[in-house]
Amino acid sequence: MINLRDRIQQQVFRLNGLSMNEFDLSQPPGDPGLFGPDSVIWRVHGDFTAMMCGGISALLLQMLHPAALAGVWDHSNFREDMMGRLRRTSQFIAVTTYGNSQDAQTLIERVKRIHLKVSGVDSAGKPYAASDPHLLTWVHVAETSRFLAAHLRYKNPQLTRAEQDQYYQEAALIAEALGAEKVPKSVVDVADYLQQMRPELRFDERTAEVTRLLMNAPAPSWQAKPVMKIMLKSGFGLMPAWAQAMSGREIGRFQQALIDQKINAIAVGLRWSIQRGAWYRAMVRMGRLG
């Protein structure tokens, strides 16, 4: 008989791609992968609650760029299979962060091949290509900046500025392997970059439609639905204030405090239930855990 802890863990694995069982993060013994257990990225990407909230926020921020949104709009079945897209994205993050060197490279090359097939014209009639280094940098910075924001809010607010800079330096290795260029690698540079990108961003009918779909995304079970709902709200609260204003979903201080209180309560249960996540499996591979 499956107990409560295992049931919750199974639902989490359905969301984060580990249920796909395509890659074994516990093998081969001793392979540090791209970063190794002493890296900051292993710490930042190791908490499911923060990563889910940060991932939702990343998607909301990414799609403010019309070219990034057009790539998903034209070449993805996210409208019919949002859970599948979430699993595939989560799998990429888990394997490139925690997987062995060969598996990480395999996924990077797979995504590069997919990007070469994704091109078209955005809603304003401007050509785009998913392999464009400028666009790749935007997608990467929007993602990593929200992962770090969620980690600081919901997991470890004491992470030092030096460690935050190291996180950006480490994560940039993946972005550059995918073809991104001029990737900012410090807290200051990321903040400057986001400000510089603001003139390229907009919230239009397409953005509104994807936001609506995301906010009504299916949960893996009826029990998980209220958890997903509050995580989706947290995603807006993790965006920069100017991005919240663009999206028409500004989160006030009182509302943010309520969201944070609920997320922190959810995190207690999730951290109790998740015993064999990506971080754990990679630590077993490195001989750090039995």
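The values are calculated or read from the model by the stated rules, or taken from the named source; none is laboratory data. A quick note: this is a predicted structure, and the numbers were derived from the prediction, not measured. Please note: Cβ atoms are built from the backbone with ideal geometry, for glycine as well, and neighbour counts cover all protein chains shown. With ligands, DNA and RNA removed, areas are computed over all heavy atoms of the protein, side chains included. Shrake-Rupley method; radii C 1.70, N 1.55, O 1.52, S 1.80 Å.
Every Cα-Cα pair of the chain was included, and the share exceeding 37 Å stands at 8 percent.
Only protein heavy atoms count here; on that basis, with a 1.4 Å probe, residue 8 has an accessible area of about 50 Å². Given a 1.4 Å probe and the protein chains as shown, residue 268 ends up with an accessible area of around 100 Å². Only helices enter the 222 nm calculation for the chain: every DSSP H run of n ≥ 4 contributes -39,500 (n - 2.57), and dividing by all residues gives -20500 deg cm²/dmol, rounded to 500. Each Cα pair under 8 Å and six or more residues apart adds its separation to the average, and for segment 1-142 the resulting relative contact order is 33 percent.
For residue 155, the aspartates and glutamates whose Cα falls under 16 Å of its own Cα, not counting residues fewer than eight places away in the same chain, are 47, 163, 260. Among 204, 47, 192, the order of accessible area from largest down is 192, 204, 47, computed with a 1.4 Å probe on protein heavy atoms.
Applying the Karplus parametrisation 6.51 cos²θ - 1.76 cosθ + 1.60 with θ = phi - 60° to the phi angles of segment 40-47, what ³J(HN,Hα) value in whole Hz is obtained for each residue in order, glycine and proline being reported as x? Ordered by residue, 3J(HN,Hα) equals 6, 4, 5, 6, 5, 8, x, 10 Hz. Between rounded, prolate and oblate, where does segment 1-156 land on the alpha carbon gyration tensor, with a ≥ b ≥ c its root eigenvalues, rounded for a/c under 1.5, else prolate if a/b exceeds b/c? In terms of gyration-tensor shape, prolate. Among 237, 69, 175, whose Cα sits farthest toward the positive end of the charge dipole of the chain (+1 at Cβ of Lys/Arg, -1 at Cβ of Asp/Glu, about the Cα centre)? Of the listed residues, the answer is 237. Given a 1.4 Å probe and the protein chains as shown, residue 113 ends up with an accessible area of around 140 Å².
So what is the relative contact order of the chain, in percent, for Cα pairs below 8 Å that sit 6 or more residues apart?
Details: 381 pairs, mean separation 93.9, N = 290.
Here the relative contact order equals 32 percent.
Identify all lysines with a Cα-Cα distance to residue 182 below 26 Å; exclude those on the same chain that are fewer than 8 residues away in sequence. Hits, sequence-local ones excluded: 112, 117, 126.
Distant-in-sequence amide contacts of residue 156, defined by a placed amide H-H separation under 5 Å and a gap of 5 or more residues or a different chain, comprise nothing. Label-to-label distance for residue 188 and residue 105 is 3.6 nm, based on points extended 7 Å past Cα in the beta-carbon direction.
Computing FRET efficiency as 1/(1 + (r/R0)^6) for residue 76 and residue 221, where r is the C-beta to C-beta distance and R0 is 22 Å, gives about 0.35. Cα-based Rg of segment 92-185 per 2.2 N^0.38 Å, rounded to two decimals? That ratio works out to 1.21.
Remark: segment 195-208, residue by residue, has Karplus-estimated 3J(HN,Hα) of 5, 5, 7, 4, x, 8, 9, 7, 10, 10, 4, 5, 4, 4 Hz, where x stands for each Gly or Pro and the curve is 6.51 cos²θ - 1.76 cosθ + 1.60 at θ = phi - 60°. If R₀ is 41 angstrom, what is the calculated FRET efficiency for the pair residue 196 and residue 20, using the beta carbon separation as r and rounding to 0.05? With a Förster radius of 41 Å, E is 0.65.
Rounded to the nearest 20, the Cβ-based charge dipole of the chain about its Cα centre (Lys and Arg +1, Asp and Glu -1) stands at 920 debye.
Derived scalar couplings between HN and Hα for segment 180-189 equal 5, 10, 6, 6, x, 10, 8, 4, 5, 5 Hz in order, rounded to whole Hz, by the Karplus curve 6.51 cos²θ - 1.76 cosθ + 1.60 (θ = phi - 60°), x for Gly and Pro. A crude spin-label estimate for the pair residue 209 and residue 264, with each label 7 Å from Cα along the Cβ direction, gives 4.0 nm. Available extension along the chain between residue 284 and residue 160 is 42.0 nm, counting 0.36 nm per residue and deducting the alpha carbon span. Placing unit charges on each Cβ (+1 for Lys and Arg, -1 for Asp and Glu) gives the chain a dipole about its Cα centre, and among 97, 27, 278 the Cα reaching farthest toward its positive end belongs to 278.
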